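J.: Below is a structure I'd like to ask you about.
The values are calculated or read from the model by the stated rules, or taken from the named source; none is laboratory data. Every value quoted in this text rests on a predicted model; they were computed, and no experiment measured them. In this analysis, Cβ positions are derived from the backbone assuming ideal geometry, glycine residues included, and neighbour counts consider all displayed protein chains.
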2 protein chains.
Amino acid sequence: MGELDLIRWIRSRIPRRRPGVLVDSGDDAAVLRIGGDRVLFKTDSVIDGVHFDSLTARPGEIGHKAVARPLSDLAAMGGVPTFGVVAVMCPRAASEAWLKRVMVGMERTARAFGTALVGGDLKSHPGKLAIAVALLGRVNGRPIRRGGARPGDAIGVTGALGGSILGKHLRFTPRLREAGELRRTLTVHSMIDVSDGLATDLSHVCEESGVGATIDEAGVPIAAAARRLSLRDGESPLHHALSDGEDYELLFTVPDRERSGVKHVLGVIDRERGIRIRRKDGRVVPLRVRGWEHRFGR
Amino acid sequence: MGELDLIRWIRSRIPRRRPGVLVDSGDDAAVLRIGGDRVLFKTDSVIDGVHFDSLTARPGEIGHKAVARPLSDLAAMGGVPTFGVVAVMCPRAASEAWLKRVMVGMERTARAFGTALVGGDLKSHPGKLAIAVALLGRVNGRPIRRGGARPGDAIGVTGALGGSILGKHLRFTPRLREAGELRRTLTVHSMIDVSDGLATDLSHVCEESGVGATIDEAGVPIAAAARRLSLRDGESPLHHALSDGEDYELLFTVPDRERSGVKHVLGVIDRERGIRIRRKDGRVVPLRVRGWEHRFGR
């Protein structure tokens, strides 16, 4: 059983409808009804050796990433962040100066995106640095779900993809401004942030919406980092743009009539399930979605 | 610089008044204004080897403790829990069966206290199990602060103290019911949960309130576990009741005229700063408060 299965398993034990819960876990963030407002609630964690390497990442970048990841989730719901709390599990041997820089990185990024950090928990322990951030947000109007894509929708993305491991994964900008602009100018049917990779995240949207998709190879915006990484490892830049995670761009769908308002249109939503790719020679072939997931033993 | 100093340092960098923030970090939970409601927001974490030992603690107890600790914080604000999210950082080698029991422990305790878990984040990593829980709550009326104690107040506690390391720290009941009853029947001026030890937590109340306290040795309710532990380590049962942490009883103050409504009255709030103890022979001596705190290097 993998991580996602385990989360599904625990979700299956929880009542489907609970008072005040408008959207339960399973989307980028939960949506709650509190005091007449629609409130987003999300937690995420980053761990040394998994999401960053404390020997090479700057402390400010670590703090940034810890806060920017759940900010990106709120953006993907079409929301606006409001408040946050952070739990820092810090190695006993950490220096005060280094830890301060991590904390300043968190505070600076939170503030830059209008988020007031209102609680902190700091624990020293024998292990490595881990940071869990929980954020609240608000939604003006309806939250944008993963499950709203409709056949015929154009698929858009807010920026170029691939090769984020070369540095962007530590320095990316959560697309909150872009999410607000999309809401104002277009009819966004569905949205997700590209954290697991374009193919995988698009498959999440398709599964939740009960649809399929055809990606247009020529339409996939490929990051310069994907080309640089390609020179190193021999995989194609397109492969990196389709498979690499942690770009934190927004992937969204809009009605076909609005496609001219989308800068990077990379495909179309189909009635037929599964994900296909239209090669530059016109051939349409199935795309293998290779999600990676740790599997726990019995 | 220690953990608490570091938290103070980062707080000093944050604006004192922020929109929607009624009570900032520094109390048992933050209090926010959301959609016309007063909302409590709190995060806390537990780590294998620090807050439990995964070789001896039952998995369900670990899950219980992870959720019950922040529930206890909401109780200490006089609040009622509503929603929660959990971030689980799990050792790669963990068995699925064990991890499921940890998660069931979290879900069961959350549900028992009316808390809907609406988001989960599960990450496998090379380190040990760590769980960060963030909770929301509501307050009917004013939140009960640490800083509201007044000279002459009687100091009460909801149960016997000491020796929780022998087992209670994994199985304690967050005193939400008791907090509700205290609110309804008494004028609670201040409240905190006993997580760091009676002497230390009382000193937090006194510092925040600008007062002092005299504990009556004869009034301190001593847990059976404190006596058992005393037989092992030679420290007095009273020492354990005053110094041991993790009892998660509520420590509170009420006006003297209401002292008859308090089951365990263990002292009185004084104008004179510092904490004293009145021995059984009538002598009043200063109490040394020995908080433990990890200090980070430069």
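J.: Of all residues in the stretch B:240-261, count the ones that are touching a strand residue (DSSP E or B) at 6+ places or on another chain (Cβ under 9 Å) and part of a loop (DSSP other than H, G, I, E, B).
T.: Residues in the stretch B:240-261 being touching a strand residue (DSSP E or B) at 6+ places or on another chain (Cβ under 9 Å) and part of a loop (DSSP other than H, G, I, E, B): 5 in total.
J.: Continuing with the same structure: Just give me the residues in the stretch A:71-105 being under 18 Å from the mean Cα position of the chain (by Cα) and of a type in the set (A, V, I, L, M), in sequence order.
T.: Within the stretch A:71-105, A:71, A:74, A:75, A:76, A:77, A:80 meet the criteria.
J.: Can you list the strands (runs of 3 or more DSSP E) found entirely within the stretch A:113-211 that contain at least 3 residues being farther than 28 Å from residue A:224 by Cα and outside the structural domain of residue A:247 (by TED's automatic domain parsing)?
T.: Fully inside the stretch A:113-211 and qualifying: A:116-125, A:130-138.
J.: A further question follows. Report whether or not residue A:47 is under 20 Å from residue A:248 (Cβ atoms), touching a helix residue (DSSP H, G or I) at 6+ places or on another chain (Cβ under 6 Å), among the β-branched types (Val, Ile, Thr) and assigned by TED's automatic domain parsing to the domain that holds residue A:115.
T.: When the stated conditions are applied, residue A:47 does not pass them.
J.: Can you name the residue in the stretch A:22-55 that is more than 29 Å from residue A:128 (Cβ to Cβ) and at the interface with another protein chain (Cβ under 7 Å from one of its Cβ atoms) and, of all such residues, is surrounded by the fewest Cβ atoms within 10 Å (Cβ to Cβ)?
T.: A:36
J.: Might you check whether a residue that is in a helix (DSSP H, G or I), touching a strand residue (DSSP E or B) at 6+ places or on another chain (Cβ under 7 Å) and closer than 22 Å to residue B:4 by Cα occurs anywhere in the stretch B:218-239?
T.: Scanning the stretch B:218-239 turns up no residue that is in a helix (DSSP H, G or I), touching a strand residue (DSSP E or B) at 6+ places or on another chain (Cβ under 7 Å) and closer than 22 Å to residue B:4 by Cα.
J.: Might you check whether a residue that is more than 9 Å from chain A (Cβ to nearest Cβ) and free of Cβ contacts under 8 Å to residues at least 12 places away in the same chain occurs anywhere in the stretch B:103-123?
T.: yes
J.: Also, I was wondering about something else. Residue A:84 is checked against (1) outside any helix (DSSP H, G or I); (2) surrounded by fewer than 19 Cβ atoms within 10 Å (Cβ to Cβ); (3) within 11 Å of chain B (Cβ to nearest Cβ); (4) not charged (D, E, K, R) and fails just one. What number does that condition carry?
T.: (2)
J.: Now a separate question. Residue by residue through the stretch B:6-21, note down the ones that are at the interface with chain A (Cβ under 9 Å from one of its Cβ atoms) and under 22 Å from residue A:124 (Cα atoms).
T.: Those that are at the interface with chain A (Cβ under 9 Å from one of its Cβ atoms) and under 22 Å from residue A:124 (Cα atoms): B:6, B:7, B:9, B:10, B:11, B:13.
J.: Let me ask something additional. Is it fair to say residue B:96 is free of Cβ contacts under 8 Å to residues at least 60 places away in the same chain and farther than 25 Å from residue A:123 by Cβ?
T.: Considered against the rule, which asks whether it is free of Cβ contacts under 8 Å to residues at least 60 places away in the same chain and farther than 25 Å from residue A:123 by Cβ, residue B:96 comes out as yes.
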